[in-house]
Amino acid sequence: MESTILKSENFSAWFGENQVLKKINIEIPRNNIVAVMGPSGCGKTTFIRCVNRMHELTNDTHVEGTIFYTKNDIYKMDPIILRRFIGMVFQRPNPFPTMSIYQNVIAGYTLNGASLRKPEKDELVEDSLKKAALWDEVKDMLHRKGTFLSGGQQQRLCIARALAMKPEILLLDEPTSALDPISTAKIEELLFDLKKNYTLLIVTHNMQQAGRVSDKTAFFYLGELIEYNDTKEIFTNPKNEKTQNYITGRFG
Amino acid sequence: MQVSNTRQIKQLQFGELFFRKGLALSALLLGIILLSIFITILVASLPSIKAIGISFFYGKTWNPVENDFGGLPFLIGTLVTSILALIISVPFSISVGLFLGEYFTKGFLSVFFKNSIELLAAIPSVIYGFVGMFILVPFVRDLETSLSLPPYGVGIFTASIILSIMIIPYSVSLIRQVIMLVPSSLKEAAYSLGATRYEVIKNIIIPYTRSGIGAGILLSLGRALGETMAVTMLIGNSQILPTNIFAPSNTMASVIANEFTEATGDVYLSALIEMGLFLFVVTTIINVIGRQIIKRFSID
């Protein structure tokens, strides 16, 4: 039996008066890729933003219920600490424009004021860029600005930046929606490799992508978790009518 | 209503054309005014430029009676007063800009603070002069006594303090705007890496807005260099090269305001105008550079 790394219990979230997540109960097993899919506005992005407590950075938001990271209630943890265990990659590649590729990778450390020695930094940069399958493409220009790279490379740089923090979980918020098909394929391939060492939670509204990369799929609709099962099950034998309608393209 | 006949259409077209030409003319007129001001000052400074030459910029004595017109004391006075005012005001401008641009962007109080700071720029200069005279001068005089300096009260230090308050609105409003322009995706990226708010400000917001903050400071320097009334009232109006920041002095603007009415003799008057020309050129250059930076900032 796989161990659970993340577990939500009756978790609800609000923007002002507007409830965007309704009593979500979900368990994420370690070293799995879990796809969170659903039509726009279904709360899937909000859900993963609650997992690393980014949701509360927006004014006038609140949550109820809890999420457990291993045995710890994340709403009792310091968000700063929590976010070091749970990395995040965003919809649009967002390397820091004032920093070089090298500096971007170790940004998590420099931001927190940690001082690493040069060999440590070099190793971390090489290691993270290799994990993000970007090393070969950028090893000769590590000190150029990260914003010179192509969109797909920038996104892999952002993945490297998140991996450099040595997280346990990686949250990916529609990581390929701003990218071309070739870059998308590269990132999907990469996700597959990352599974060995990390647990991945990926938001997507691209069903094919969910089908291709994930072990388990959660279908969200209007803030509710409609169905959660092995990806194969969801796509071949959905239990709920709404899921069925969504994957056959009747709405969404 | 339907515009059916051709006459009405012609009328409309004519009105449209007339309106556009009118606007163009107004714009052109302003350009001409700017140019004529420059030419007028230039022509009026010619006698002084011819008589004094380059020593206008390094001569240490300003003695109109002896026809000795060395402008260095005023150049130094202007520079020291403005830079001191910047040193005092910049930490406040950046703090207030961060507070209103990052921490406190919405709500009634935020608007109230923002407007009050902008209103600081609307207070007439002479009021600042009065406030300085009645509140600041006695205070500075006590300070000077306790430092066993000559207790003038007025001087560079006093003028700089008032000046620093006067220029704050100019840099705050620009700094606040560039800070609000920092893409939230960058801030979120930093937060997702476990950065605290202070770390986000220090390592993301400040580096990203560096040139914008620079432009804000530059524009307020432009204001400080040319500010006349309050400075004239508070700086002590001395012709002597200042030896410390408490000494009475004169800026280029204040010496013009002070001596213009009593300038007898062609060279004397012309020398004051040349001072104005120089001030005009310097502040124009500073403004152009500042605006260039802002333009570049808003593009990328």
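Among residues of the range A:54-89 being surrounded by fewer than 22 Cβ atoms within 10 Å (Cβ to Cβ) and part of a loop (DSSP other than H, G, I, E, B), the one that is nearest to the other protein chains (Cβ to nearest Cβ) is A:N59. For the range A:109-128, filtered to residues that are at the interface with chain B (Cβ under 8 Å from one of its Cβ atoms) and not in a helix (DSSP H, G or I), the residue that is nearest to A:A162 (Cα to Cα) is A:N112. Restricted to the range B:188-210, and to residues there that are facing chain A (nearest Cβ under 7 Å), assigned to a helix (DSSP H, G or I) and among the hydroxyl-bearing types (S, T, Y), the residue that is farthest from A:L82 (Cα to Cα) is B:Y208.
Which of the residues spanning the range A:99-116 are of a type outside the set (F, W, Y) and under 13 Å from A:L149 (Cβ atoms)? Hits for the range A:99-116 are A:M99, A:S100, A:I101, A:N104, A:V105. Only one of the listed residues (A:A13, A:A35) is within 17 Å of the chain's Cα centre (by Cα) and part of a strand (DSSP E or B). That residue is A:A35. Checking the stated criteria, A:I106 turns out not to satisfy the condition of being surrounded by 22 or more Cβ atoms within 10 Å (Cβ to Cβ), more than 8 Å from chain B (Cβ to nearest Cβ), in contact with a strand residue (DSSP E or B) (Cβ under 9 Å, 6 or more places away or on another chain) and on the phi < 0 side of the Ramachandran plot. Name the residues in the range A:212-252 that are crowded, with 17+ Cβ neighbours inside 10 Å, in contact with a helix residue (DSSP H, G or I) (Cβ under 6 Å, 6 or more places away or on another chain) and of a type in the set (G, A, S), would you? Hit for the range A:212-252 is A:S214, nothing else.
For the range A:173-201, the set of residues classified as part of a strand (DSSP E or B), under 18 Å from A:L157 (Cβ atoms) and hydrophobic (A, V, I, L, M, F, W, C) consists of A:L200 only.
Number of residues in the range B:174-187 that are within 16 Å of B:I289 (Cα to Cα) and within 13 Å of chain A (Cβ to nearest Cβ): the value is 0. Looking at B:T105, B:T78, just one residue is in contact (Cβ under 8 Å) with a residue 40 or more places away in the chain, closer than 25 Å to B:L218 by Cα, surrounded by fewer than 17 Cβ atoms within 10 Å (Cβ to Cβ) and touching a helix residue (DSSP H, G or I) at 6+ places or on another chain (Cβ under 9 Å), and that residue is B:T105. Can you pull out every residue in the range B:253-263 that is surrounded by fewer than 23 Cβ atoms within 10 Å (Cβ to Cβ) and in contact (Cβ under 8 Å) with a residue 24 or more places away in the chain? Within the range B:253-263, B:I256, B:A257, B:N258, B:E259, B:A263 qualify.
Within the range A:156-183, residues that are within 18 Å of A:E123 (Cβ to Cβ) have Cβ atoms under 7 Å from residues that are modelled with pLDDT of 90 or more and among the polar types (S, T, N, Q) in these pairs: A:L157/A:N104; A:A160/A:S128; A:R161/A:N104; A:L163/A:S128; A:A164/A:S128, counting only partners at least 6 apart in sequence or on another chain.
The sole residue among A:L170, A:L163 that is closer than 15 Å to A:T204 by Cβ, crowded, with 22+ Cβ neighbours inside 10 Å and within 14 Å of chain B (Cβ to nearest Cβ) is A:L170.
Scanning the range A:130-147 for residues that are buried (at least 19 other Cβ atoms within 10 Å of the Cβ) and part of a helix (DSSP H, G or I) yields A:K131, A:V138, A:G146. Within the range A:92-103, if we keep just the residues that are surrounded by 19 or more Cβ atoms within 10 Å (Cβ to Cβ) and among the polar types (S, T, N, Q), the residue that is farthest from the other protein chains (Cβ to nearest Cβ) turns out to be A:Q103. Among the residues of the range B:268-300 satisfying the criterion of being within 14 Å of another protein chain (Cβ to nearest Cβ) and assigned to a helix (DSSP H, G or I), which is modelled with the highest pLDDT? Residue satisfying both the conditions and the ranking: B:R296. Between A:D122, A:D78, the distinction of being more than 30 Å from A:G43 (Cβ to Cβ) and of a type in the set (D, E) belongs to A:D122 only.
The values are calculated or read from the model by the stated rules, or taken from the named source; none is laboratory data. Bear in mind that the values here come from a model prediction, so they are computed numbers and not experimental data. No Cβ is skipped: glycine too gets one built from the backbone with ideal geometry, and neighbour counts run over all protein chains shown.
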